[in-house]
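S.K.: Have a look at the structure that comes next, please.
Each reported figure results from applying straightforward, stated rules to the coordinates on display, with no laboratory input. Note that this is a predicted model, so its numbers are computed, not measured. Note that we place each Cβ from the backbone using ideal geometry, even for glycine, and neighbour counts take in every protein chain shown.
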Amino acid sequence: MPPATSPAPASRRSWREAWLIYLEPASLRMLTLGFSAGLPLLLVLGTLSFWLREAGVDRTTIGYLSWVGLAYAFKWVWAPLVDRLPLPLLTRALGRRRSWLLLSQAMVIAGLAGMAGSDPRVALTPMVWCALAVAFGSATQDIALDAFRIESADTERQAALAATYQTGYRLAMIWAGAGVLWVAARAELAGVAGYQQGAWKTAYLVMAASMLVGTVTVLLSREPAPRPLPPSRNLGEWLRGALIDPFADFLSRYGWQAVLILSLIAIYRISDVVMGIMANPFYVDMGYTKDEVAAVTKVFGVLMTLAGAFLGGALALRMGVMRVLMLGAVLSAASNLLFAWLGTRGHDLTGLVLVISADNLSGGIASAAFIAYLSGLTNVQYSATQYALLSSVMLLLPKWIAGFSGRFVDAYGYTNFFLATALLGLPVLILVAFASRQKNAVSA
C-alpha cells in the first residue's frame, strides 16, 4: 500500500535513502514475483525449441510453434477482464489482484506439468495445447502482476519496484534457460545414448515446482488498497466499463498528447530490440565459442543488466523519471555503436566483455526508467488494462522491423547494421525531449 505520508521530493533525497528503497517490503515482494513472471517465457520458446529439436522435430515445425508466444503480444485483449472481473470465491478471499495472480500461476504450473508428461515423438498436439496454456497463464499473470505492482506503491517508487522485478525476472530466465538444461543433463540415465524423454520430464517438473516461489509470495502478501469500481446495472454497462472506459480514460486524460506518448512508447526500445535479433549470429560469425558467449552474454551480461536496473531505479528516484528516460535512450543507441566497433576486431574476447558491459548496463537503466514511465501513465482504476496495452505497443513495431534485420545484414554487413540501429535511436531522443517539455508544461 502507498505510504500514508507524502515522500520527500526526488531532488531532496540522499543517496542512502534512494538505495534503501530496495529493502522495503514492496520491493522485496517484486523480486520473487518477478521470478514467477520470468520463468515461463523461455520454457515455451527457447528451451522448448531445444527439447523439440533433440526429439527429432523438424525446424519448420519448431518455427511455427514459436507463434505460441503471440499470447504475450495480445494480452491487452483480455486485460479488461483481469482488471475488473471478480473470480468466484477467490476474489472474496484474496482480493481482485491476488486472486487473478493465483489462478494464472496455477494455470502455468498445470501447463508445465502437462508438457512434462508429453512425448513429442509420440504426439505433438498435447504438448502444443499445454504450451498454449502456459503462455496464456503467463500472459495473464503479467497483466495482474503489473496492476499489483502499480497499485502497491506511489509513482516515485515505481522505478525501484521495476528494478527488483527485473532482477527476479532475469534470474528466472537463467534458471529456465541454463538451469533446465543442467537439470535435464543430470537426469539422463548413464550409458543410454540418444534422446531421453524421462530427463526432460524431470526438468519440466522441476520448473513447475519452481513456480511455487510466486504462489507462496501471493499467499503471504497483502492485497493493495481496493479501488472502487462504478456500479453496473446490466451487462452492457459492465462491458463498457471493462472494455471501453480504460481506453477512453487514457485519451481523455492526455488528449492530443496521447499521440506523442504512444509514439514514444512504440519506438523507445527500437535500437535494442532490432539489434538484439542479430546479436547471436554476430557472435557466431565473429568466431566466439558457445562457452564464451554463454559466460559473457548469459551470465556476466545478466549481472550487468541487473546492475543497470538498480542504478536506473536509484537515479530515477533522485533525478526524476524523464531525465533517466533520456539518459537510457542515449546510452542504448550509443552502445550499438560499440557493436559496430567490435565488428572490426574479429575474435576479441576482451572487446566483447567491454561491449556487453556497456550494452547491458545501458539496457538495464533504460528498462527501469521506461517501466516507471509506463506505470506513471496509467490510471489506477484501469491499471491492468492500460499497462497491458502500453506494454504491447512497446514491442509491436520493433519486432516487426527486427524481422528484416537478417536481410539487412546480408546486404550491407554487420557494421552498417549496427550503425543503422544506432540511428534508429535518434527519433527516440526527439520524442523524449518533447514528452519532457509537455510534462513540465502541465506540471507548471
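S.K.: Please order ASP245, ASP359 by the number of other Cβ within 10 Å, starting at the fewest.
M.R.: Starting with the residue having the fewest Cβ neighbours, the order is ASP245, ASP359.
S.K.: Obtain the radius of gyration and the Kirkwood radius of segment 308-366 from its C-alpha atoms and give Rg over Rh.
M.R.: Over the Cα atoms of segment 308-366, Rg/Rh equals 1.09.
S.K.: For the chain, what mean projected area does the convex hull of the alpha carbons give, in nm²?
M.R.: 22.9
S.K.: Okay, next question. Please report the equivalent ellipsoid semi-axes of segment 16-226, computed as sqrt(5 x eigenvalue) of the Cα gyration tensor, largest first, in whole Å.
M.R.: So the three semi-axes of segment 16-226 are 33, 19, 15 Å.
S.K.: Take each complete run of DSSP H in the chain, measure how far its Cα atoms stretch along the helix's own axis, and keep only those covering 30 Å or more with mean Kyte-Doolittle hydropathy at least -0.5; list them.
M.R.: Helices meeting the criterion: 96-116, 125-152, 321-342, 349-377.
S.K.: Apply the Debye scattering formula to segment 234-444, with a single equal point scatterer on each alpha-carbon and no solvent, then give log10 I(q)/I(0) at q = 0.12, 0.17 Å⁻¹.
M.R.: After summing over all Cα pairs, the log10 values are -0.68, -1.15.
S.K.: Provide the FRET efficiency to the nearest 0.05 for the TRP400-LEU423 pair, computing r from the beta carbons and using R0 = 25 Å.
M.R.: For TRP400 and LEU423, the calculated efficiency is 0.90.
S.K.: From the helices alone, meaning DSSP H stretches of at least four residues, give me the mean residue ellipticity at 222 nm for the chain, per-run term -39500 (n - 2.57), in deg cm²/dmol to the nearest 500.
M.R.: -23000 deg cm²/dmol
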